[in-house]
Amino acid sequence: MRKEYRGTVALDGVDLRVARGELVGLLGPNGAGKSTLVKIACGLVRAGGGAVEVMGAPAGSAAARGALGYLAELFRFPGWCSANEVLELHQRLGGSGGGASERARLLDLVGLGKEGERRVETMSKGMQQRLGLAQAMVGAPGLLVLDEPTSALDPAGRRTVREMLEAVRERGVAVLLSSHLLSEVEQVCDRVVIVTGGRVVADGSPADLARPGGVEVETEAGPRSFPGLGRHDIPDLVARLVAEGERVYAVRAVRATLEETYLEAVEGPGP
């Protein structure tokens with residue numbers, strides 16, 4: 001897809017697919033085009049070129065909106081509403097007939113099972129974030145688009161969200177997760193897409209993107225590094241070092257972290 005704003009290219013030929021039961025992490029610096037991509041998927045902005053579909057329906061159509069659940073990075077619910085009232089409002093807006101049982105199930109799923117009558121204004125920011133996740137799942141959407149869903153949560157809350165995402169993935173829901181927390185993305189996502197300058201610059205599983213970073217060997221003479229080698233080279237390397245008279249105490253295959261891959265993708269290789 002492609003999108004320009006008054007001559008400024010926000011998206012330049014982005015091709016992205018999220019399959020059923022797949023959890024895809026969307027990474028990129030500020031201004032990379034992530035928000036534009038999400039808004040187009042939600043039907044809030046029209047693409048300037050290319051086809052955009054949600055569960056087989058054109059983005060922005062009634063069918064697409066009904067198949068998509070969305071949690072914005074910055075959202076606000078009326079403070080005087082209870083958690084149940086917030087979910088009931090979104091059920092009415094989305095045409096969900098799940099009723100009280102759906103509300104109870106969703107609140108329980110996000111760890112707010114006993115807070116249904118609690119007003120939003122009395123909730124912590126983390127509790128409101130959990131309520132936002134619950135509203136995104138109203139109506140059992142086939143695609144969840146989540147923008148920084150763990151930004152206001154403590155470690156226990158982030159773990160709850162990870163468990164929730166794993167549960168919805170097992171039910172065949174497609175999830176597009178936009179986040180700046182690379183460690184979270186690495187833990188939970190099946191695939192990572194890195195966008196910068198309106199283009200996809202990396203796409204693959206966390207393991208694929210965390211490519212080999214060489215081999216480190218602890219010898220009697222001190223540590224030695226072999227940056228051009230990988231795990232499969234270790235037996236021959238150790239045999240060669242021993243044949244040369246080295247005493248080898250430890251060997252470790254080094255992998256570049258997702259953070260290193262991300263920084264190289266958006267900033268270019270270091271000096």
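The values are calculated or read from the model by the stated rules, or taken from the named source; none is laboratory data. Bear in mind the structure is a predicted one, so any value in this text is a computation, not a measurement. With ideal geometry, Cβ positions are generated from the backbone for all residues, glycine too; neighbour counts draw on all protein chains shown.
Observations, loosely collected:
- Among the conditions (1) over 20 Å from Gly69 (Cα atoms); (2) at pLDDT below 95, Gly97 misses just one, which is (1).
- Filter result (surrounded by 15 or more Cβ atoms within 10 Å (Cβ to Cβ) and either small (Gly, Ala, Ser) or assigned to a loop (DSSP other than H, G, I, E, B) (or both)) within the stretch 92-105: Gly94, Ser96, Gly98, Ala104
- Some residue of the stretch 195-204 being without any contact (Cβ under 8 Å) to a residue 24 or more places away in the chain, hydrophobic (A, V, I, L, M, F, W, C) and within 23 Å of Leu27 (Cβ to Cβ): no
- Here the condition is being at pLDDT 80 or above and surrounded by 15 or more Cβ atoms within 10 Å (Cβ to Cβ); of Val217, Val266, Val242, it holds for Val217 alone.
- Filter result for Lys39 (within 27 Å of Leu209 (Cβ to Cβ), in contact with a Leu (Cβ under 6 Å, 6 or more places away or on another chain) and either surrounded by fewer than 18 Cβ atoms within 10 Å (Cβ to Cβ) or basic (Lys, Arg) (or both)): no
- From the options Arg224, Arg231, residue that is more than 28 Å from the chain's Cα centre (by Cα), modelled with pLDDT under 85 and either of a type in the set (Gly, Ala, Ser) or surrounded by 12 or more Cβ atoms within 10 Å (Cβ to Cβ) (or both): Arg231
- Among residues of the stretch 24-41 that are over 21 Å from Glu259 (Cα atoms), those with a beta-carbon under 9 Å from a residue that is part of a helix (DSSP H, G or I) at least six positions away or on a different chain give the pairs Ala41/Ala64.
- Residue that is within 23 Å of Val173 (Cβ to Cβ), among the hydroxyl-bearing types (Ser, Thr, Tyr) and under 26 Å from the mean Cα position of the chain (by Cα), where the choices are Ser124, Ser101, Ser61: Ser61
- Restricting Ala167, Ala202, Ala250 to those that are surrounded by fewer than 20 Cβ atoms within 10 Å (Cβ to Cβ), under 17 Å from the mean Cα position of the chain (by Cα), assigned to a strand (DSSP E or B) and small (Gly, Ala, Ser) reduces the list to Ala202.
- Of the residues examined, Gly157 is not one that is under 23 Å from Arg103 (Cβ atoms) and modelled with pLDDT of 90 or more.
- Subset of the stretch 230-271 that is free of Cβ contacts under 8 Å to residues at least 40 places away in the same chain and in contact with a helix residue (DSSP H, G or I) (Cβ under 6 Å, 6 or more places away or on another chain) - its residue that is farthest from Val188 (Cα to Cα): Val248
- Counted residues, the stretch 106-122 - those being exposed (fewer than 15 other Cβ atoms within 10 Å of the Cβ) and modelled with pLDDT of 95 or more: 3
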